[in-house]
Amino acid sequence: MQVAYGTSKRVSQLNSGEFAITRSMHPAAFELAGLAFDTKFDCRALVDLPWSERFFKTPPRPAHGQTPKLGTLHASMFRAAQAAFLAVQA
């Protein structure tokens, strides 16, 4: 599974290759993503991770059953994510 590095730090300062999902600007996308904090994702830092408990562990008090909650990218964020991804391909 390929994932992009995400951080809740300096979310309002986006560099080339980054996009953000924030509670105030993208409420539907924020909820669907399953985020706890406003988060920016860096498409320059993509990593292939195996589907294992080391990387995708069920939380101590699972709100979504006995499997990890993987967020979904809302359709309204597709263009921002694509632009960030394409910015690092050039």
- Within the stretch 11-65, how many residues are more than 18 Å from MET77 (Cβ to Cβ), in a loop (DSSP other than H, G, I, E, B) and at pLDDT below 85? 13
- Hey, does the stretch 74-85 have a residue that's part of a strand (DSSP E or B) and either exposed (fewer than 14 other Cβ atoms within 10 Å of the Cβ) or at pLDDT below 90 (or both)? no
- Give the number of residues within the stretch 2-57 that are out of contact with any Cys (no Cβ under 7 Å at 6 or more places or on another chain) and closer than 13 Å to GLY71 by Cβ. 17
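The values are calculated or read from the model by the stated rules, or taken from the named source; none is laboratory data. Quantities reported herein were computed from a predicted structural model and do not represent experimental measurements. Backbone-built Cβ (ideal geometry, glycine too); neighbour counts: all protein chains shown.
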